[in-house]
Amino acid sequence: MPANPRFRRVVRIGPVQVGTYYDGRGREKHSAVCTAPRCGFSADYDSRTAAELAARTHRCRAR
Ligand SMILES: [Zn+2]
């Protein structure tokens, strides 16, 4: 689960959550975070499309 309380528009794609937030400089960032306990995948992207694509193509190693 993203610990960031500013996450907005959170959607779940498989085991991966995608959320949008503003970084410290007010820029929109998009995170893909895998919720599987032993996976630990987490990445930031500049576009929502890229984050959702990463979530869809994520191969979860916890499985
Ligand atoms: Zn995973």
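Below, the figures for the structure above:
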| quantity | calculated |
| --- | --- |
| Cys60, sole failed condition from (1) more than 21 Å from Arg6 (Cβ to Cβ); (2) more than 10 Å from the ligand (Cβ to nearest atom) | (2) |
| Residue selected from the stretch 26-37 under the condition part of a loop (DSSP other than H, G, I, E, B) and at negative phi, by the criterion farthest from the ligand (Cβ to nearest atom) | Arg27 |
| Evaluation of Cys60 against (1) touching a residue at least 24 places away in the same chain (Cβ under 8 Å); (2) surrounded by 15 or more Cβ atoms within 10 Å (Cβ to Cβ) (one fails), failing number | (2) |
| Residue match in the stretch 38-53 (condition: within 16 Å of the ligand (Cβ to nearest atom), of a type in the set (Lys, Arg), at pLDDT 95 or above and outside any loop (DSSP other than H, G, I, E, B)) | no |
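The values are calculated or read from the model by the stated rules, or taken from the named source; none is laboratory data. Quick caveat, the model's predicted, so the values are computed rather than measured. Neighbour counts run over all protein chains shown; Cβ positions are idealised from the backbone, glycine included.
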